[in-house]
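Input: a single structure, listed below in structure tokens.
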Amino acid sequence: MTMTTETTIGREAPPGARWIDVCAYDDLLPERGVCAIIDGVQVAVFRTFDGDLYAVSNLDPFCGAHVISRGILGTRAGAPTVASPMYKQVFDLRTGGCLDDPDVALPTFPIRRSATGDRVEVGLSDEHRE
Amino acid sequence: MNDGGDALMHVVVAGHGPTGHRLVEALRERDSEGSLRITVVGEETRTAYDRVALTSYLTEDADLGYPAHDAGVEVLTGDPVAEIDRAARTVRTASGRALAYDALVLATGSSPFVPPVEGRDLPGVFAYRTIDDLDAIRDACTAAGAGAGGVVVGGGLLGLEAARALQGLGMDTHVVEVAPWLMPRQLDEGGGAMLRRHIEGLGMAVHAGTPMKGLAGRDGRVARVDLADGSAIEAAVVVFSAGIRPRDELARACGLPVGERGGVVVDETCRTEDEAIYAIGECALVGGQVYGLVAPCFSMAEVAADALLARAAGRASVARFEGADLSTKLKLMGVDVASFGDPFADARDGALGVTYTDPVAGVYKRLIVSDDARTLLGGVLVGDASAYPTLRARIGGTLPGTPEQALFGDVEAADGDLPDATVICSCNNVCAGTIRTAVRDESLTDVAAVKTCTRAGTTCGSCVPLVKKLLDAELTAAGIEVSKALCEHFDHSRAELFDIVRVRGITTFTRLIEEHGRGRGCDICKPVVASILASLGNGHILEGEQAALQDTNDHFLANIQKNGTYSVVPRIPGGEITPERLIVIGEVARDFGLYTKITGGQRIDLFGARVEQLPEIWRRLVDAGFESGHAYGKSLRTVKSCVGSTWCRYGVQDSVAMAIRLELRYRGLRSPHKLKSAVSGCARECAEAQGKDFGIIATEQGWNLYLAGNGGMRPRHADLFASDLSDEDLVRYIDRFLMFYIRTADRLQRTASWLESLDGGIDYLREVIVEDRLGICAELDAAMERHVAAYSDEWRDTLEDPEKLGRFVSFVNAPGTPDPSIVFESERDQIKPVLVTGPRLEVAAR
């Protein structure tokens with residue numbers, strides 16, 4: 001799959017969301033994450049091997065520490081995943097759902113490349129604020 | 001519980017040999033309620049040790065000690081029970097100590113039988129039972145000098161072991177056996193004759209069918225053994241191994257029934273006539289028989305444990321001792337000897353013997369089958385016992401093929417069909433059904449786990465191949481493919497991937513997974529491949545694509561802690577550090593507000609660093625001359641040392657210098673699991689080297705090398721690999737050991753379980769590393785030389801690379817901002833992490 005602006009915008013930002021610039025696309029290493037802090041909310045931002053972007057909450061619900069951005073990326077049965085660096089639970093990056101425990105999910109955030117293509121923006125609505 | 005523990009049932013165990021030890025272990029393991037108080041009273045000054053392996057104490061300087069009981073068990077040594085007062089339920093020890101008991105277990109063992117011949121009390125005449133006996137034998141052989149005569153009286157199992165020991169001590173060794181052939185209790189005449197050829201081939205003289213007349217002395221010491229046929233053997237040392245007599249004197253003295261030929265009479269729950277007194281092991285007479293082999297003795301210990309626990313719980317016991325499988329397999333002086341079932345059944349009604357003899361190869365095999373040749377009754381194997389586990393498991397069952405096929409090992413394929421009741425491990429009395437159930441219910445997937453869970457294969461190890469087959473069959477039946485696949489992305493094991501990467505010269509994960517895998521990897525295969533690439537020398541672990549493969553610890557070159565901060569461990573080779581450097585560590589910790597703790601590996605761990613602090617911390621440390629300690633990696637951690645001969649009045653070698661040399665040689669070496677090492681400067685072993693992956697203990701002549709020990713969840717004592725090595729040989733063997741392990745171990749497999757999984761164990765490892773059986777030593781040596789030459793401090797290199805340093809931020813959009821969720825409070829004058837959010841979910845056990 002090649003990266004297009006549409007593929008990421010396809011996951012709609014809810015009404016009232018603001019797009020917030022977090023970093024340059026080139027700041028993101030393929031298959032590695034970074035954390036952005038937006039109005040006190042920690043968002044884990046990932047770039048997969050194919051170049052797709054994903055944003056989920058950086059808070060690991062299993063251990064209570066903000067560490068999800070430091071997990072290893074990969075795939076499980078084709079789904080893009082991140083594994084918590086603490087106790088290694090695996091989450092689906094598309095939905096935030098925990099693949100090892102169906103009752104648990106990470107909040108997800110809309111993410112896209114900027115119109116110029118060189119920046120990365122995360123969509124944040126009021127409900128995300130802590 | 002009141003403070004005296006009076007509410008608990010008090011079990012006193014008289015005797016701390018292997019059987020007493022096993023009883024206590026079984027009690028502690030099963031007494032989940034904590035309903036027993038246990039006191040063990042032993043005669044020897046040592047606690048229990050492995051008597052089966054006695055000879056290896058002399059020939060390999062092996063440490064035979066069993067693991068100590070936990071702190072809840074009181075062990076009194078060197079003070080045997082001297083008297084039992086059944087009415088008062090007390091025992092008195094030799095030193096006069098009185099102990100009240102609720103239940104008493106006699107596990108006093110046996111004493112060697114010494115026939116009443118003239119001269120039996122002369123100096124130079126020994127028994128072969130205790131470590132003290134062996135020490136005395138060694139001293140006598142040393143005093144007599146190499147080439148002096150050594151005679152073993154008794155050509156049974158233990159006698160031949162003793163002969164091996166005497167020959168190892170340089171004696172001109174003779175074996176005297178009254179029966180017409182060797183090992184008459186286990187072997188038929190043909191087997192005994194073949195064994196004799198092997199023994200004579202090793203340079204020993206065998207005198208079978210000739211009773212001994214007496215011993216003659218000269219200058220107050222034994223000098224000659226006279227045989228009934230008129231011949232005589234010059235002998236400076238004589239060892240009696242002519243059978244055992246139960247130690248039943250305590251029972252006799254207090255009026256308990258004993259057998260005509262000795263042995264405390266017990267019922268099938270191992271209880272004596274007195275309902276509070278039990279007897280187990282070689283001192284017990286059960287079903288009219290005294291048993292001298294370890295397996296039935298262990299069975300009695302298990303039966304008694306059940307009876308005692310039932311008693312404490314006020315229920316009826318269920319375990320019964322129902323006779324024992326006396327099958328035996330052993331390697332005598334390099335010769336495989338096995339006897340199973342009833343090897344003499346063909347002397348009786350109708351049974352048939354099928355015999356194969358190859359005098360050139362020295363192989364003798366005999367199967368005893370029922371008259372229709374369908375049921376296996378017993379057999380004897382000498383020179384090649386490879387069919388033993390399979391055949392023993394089928395005793396009393398139907399032969400799957402012809403006797404010829406069975407003799408030549410062609411029945412292997414059917415092992416998965418063994419009935420559940422078949423005893424697989426006779427040492428620990430574990431049935432096929434028990435193993436199958438454990439595999440299913442506990443989701444076991446490897447032999448090591450089956451051994452831990454069921455105890456099968458943990459004593460003599462001869463059934464391990466069969467355990468493996470049962471495991472594989474069970475997994476296959478459960479639809480679990482017996483797969484070495486690392487994860488869903490690779491069908492290969494770690495060892496196979498290592499070879500693929502090495503042989504094909506692959507340097508990137510992307511190429512490897514595209515050509516040999518599928519998908520884009522996961523948190524299992526990526527760190528494995530990262531480790532393989534690092535072991536093969538592919539530059540800095542954060543270079544290019546490798547960065548994305550690393551677990552967070554390797555990625556930040558630090559150890560993640562529960563609140564998402566990291567800890568920092570600078571290398572302190574051998575635990576030696578100057579005051580100046582200690583001060584630097586103190587200053588860094590103080591300036592960055594870090595919690596400090598001394599580690600078990602003789603270094604200092606600094607906790608509570610945020611990712612953006614790591615480069616600043618390390619710049620200070622590197623400037624002061626420190627380098628990465630690799631505490632974050634699956635790699636060499638530390639080589640711990642005692643202070644050694646430089647300072648210690650007992651030290652015989654410079655353990656600190658050797659520890660530093662080894663730590664600097666292997667620093668940064670990536671491996672399937674972490675590696676720990678230690679060097680002790682003398683046999684007092686203050687560095688605890690036998691609990692390490694590779695441990696070194698100084699001797700007067702050089703170094704003893706111990707391999708594959710570990711602490712942790714499943715502690716394992718390291719095995720002695722080689723003795724009295726020079727510095728160069730020591731380093732060479734460790735080089736090869738590490739590289740061979742790195743190449744062939746599974747993911748997260750420590751050296752201990754790796755060694756257990758090697759077919760042939762430590763002997764095989766010796767063949768590979770010392771004798772170069774696989775012809776790979778030159779390659780292993782070269783690989784280690786490449787590692788040593790390419791070593792570079794990961795932290796120094798990172799500090800010199802702005803791109804890598806740029807990743808050390810908490811927030812990509814606010815690089816200077818510390819993570820506000822990281823909060824500390826104070827405890828004992830240091831920081832302590834506080835989780836603001838707190839874990840929201842129970843973490844499932846993984």
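Roughly speaking, to the nearest percent, how much of region B:12-144's 1.4 Å accessible area is carbon and sulfur? Taking all protein chains in place, region B:12-144 shows 48 percent carbon and sulfur surface.
What is the distance in Å between the Cα centroid of region B:28-61 and that of region B:601-663? Going from one Cα centre to the other spans 37 Å. Given a 1.4 Å probe and the protein chains as shown, B:Asp336 ends up with an accessible area of around 40 Å². Solvent exposure of B:Lys674, expressed as accessible area, is near 50 Å², computed with a probe of 1.4 Å over the protein chains only. Counts of other chain beta carbons within 10 angstrom of each beta carbon in peptide B:812-820 average 5. Considering only beta bridges that DSSP places wholly inside region B:575-733, some 65 percent are antiparallel.
Separation of region B:309-386 and region B:794-814, taken as the distance between their Cα centroids, equals 67 angstrom. By how many degrees, between 0 and 90 and to the nearest 10, does the Cα long axis of helix B:157-168 differ from the longest principal axis of chain B? Compared with the principal axis, the helix lies near 60 degrees. When peptides B:66-77, A:93-104, B:751-762, B:651-662 are sorted by average Cβ neighbour count within 10 Å, with the highest value leading, the order is B:651-662, B:751-762, A:93-104, B:66-77.
With the highest mean first, a sort of the peptides B:56-63, B:743-750, B:635-642, B:602-609 on other beta-carbon atoms found within 10 angstrom per residue produces B:635-642, B:602-609, B:743-750, B:56-63.
Calculate I(q)/I(0) for region B:635-792 by the Debye formula, one identical point scatterer on each C-alpha and no solvent, and give its log10 at q = 0.18 Å⁻¹ to two decimals. Computed log10 I(q)/I(0) values: -1.07.
Dividing the radius of gyration of the alpha carbons in region B:125-242 by their Kirkwood radius gives 0.95 for Rg/Rh. Note on the protein assembly as shown: antiparallel DSSP beta bridges, both residues inside, total approximately 70 percent of the bridges counted.
Averaged over the residues of peptide B:260-266, the number of Cβ atoms from other protein chains lying within 10 Å of each residue's Cβ is 0.
Here the average projected area of the convex hull drawn through the C-alpha atoms of region B:584-638 stands at 3.9 nm².
The contact between chain B and chain A removes approximately 3200 Å² from the accessible area (both sides summed; 1.4 Å probe; ligands, DNA and RNA excluded). The mean number of partner chain beta-carbon atoms within 10 angstrom of a residue's beta-carbon across peptide A:74-80 is 5. With all protein chains kept in place, the per residue accessible area of region B:418-482 amounts to 44 square angstrom at a probe of 1.4 angstrom.
The calculated pair-distance distribution of region A:19-123 uses every alpha carbon pair, bins of 10 angstrom beginning at 0, and gives 17, 53, 27, 3 percent. If both residues of a DSSP beta bridge must be in chain B, then about 65% of such bridges are antiparallel.
By how many degrees, 0 to 90 and rounded to 10, does the Cα axis of helix B:727-744 deviate from the longest principal axis of chain B? The answer is roughly 80 degrees. Largest accessible area first, the listed residues B:Ser317, B:Ser792, B:Ser677 line up as B:Ser792, B:Ser317, B:Ser677 when surface is computed with a 1.4 Å probe on the assembled protein chains. Rounded to whole Å, give me the distance from the Cα center of region B:686-718 to that of region B:763-784. First find each Cα centre; the distance between them is then 21 Å. Distance check, please: which entries in B:Lys329/B:Lys676; A:Lys88/B:Lys674; B:Lys526/B:Lys676; B:Lys451/B:Lys526; B:Lys640/B:Lys674 exceed 26 angstrom between their Cα atoms? In this structure, B:Lys329/B:Lys676; B:Lys451/B:Lys526 exceed 26 Å between Cα atoms.
For B:Tyr764, B:Tyr278, the ranking by accessible surface with the largest value first comes to B:Tyr764, B:Tyr278, using a 1.4 Å probe. For region B:325-409, the Cα gyration tensor yields ellipsoid semi-axes of 20, 13, 12 Å (square root of five times each eigenvalue, largest first, whole Å).
When all protein chains stay in place and ligands, DNA and RNA are ignored, the 1.4 Å accessible-area order of A:Asp118, B:Asp623, largest first, is B:Asp623, A:Asp118. Computed over the Cα atoms of chain B, pair by distinct pair, the Kirkwood hydrodynamic radius stands at 30.5 angstrom. B:Asp135 exposes around 40 Å² of accessible area when a 1.4 Å probe is run over every protein chain in place.
In terms of its C-alpha gyration tensor, region B:558-598 has an oblate overall shape, because the principal axis ratio a/c (a ≥ b ≥ c, square roots of the eigenvalues) is not below 1.5 and a/b does not outweigh b/c.
Size of the protein assembly as shown: Rg and Dmax of its alpha carbons, in Å, are 33.2, 113.
Across region B:653-711, the volume of the C-alpha convex hull divided among the residues equals 71 Å³ per residue.
Estimated from helices alone, the mean residue ellipticity of chain B at 222 nm is -9000 deg cm²/dmol (sum of -39500 (n - 2.57) over DSSP H runs with n ≥ 4, per residue). Which angle between 0 and 90 degrees, to the nearest 10, do you get for helix B:777-790 versus the longest principal axis of chain B when only C-alpha atoms count? Compared with the principal axis, the helix lies near 30 degrees. On a per residue basis, region B:684-825 carries 44 Å² of accessible surface, using protein heavy atoms and a 1.4 Å probe.
The values are calculated or read from the model by the stated rules, or taken from the named source; none is laboratory data. Computed from a prediction, not measured in an experiment: that's the story for all the values here. Methodologically, a virtual Cβ is constructed for each residue, glycine included, from the backbone with ideal geometry; neighbour enumeration extends over all protein chains shown. For accessibility, only protein heavy atoms count, side chains too; no ligands or nucleic acids. Shrake-Rupley method; radii C 1.70, N 1.55, O 1.52, S 1.80 Å.
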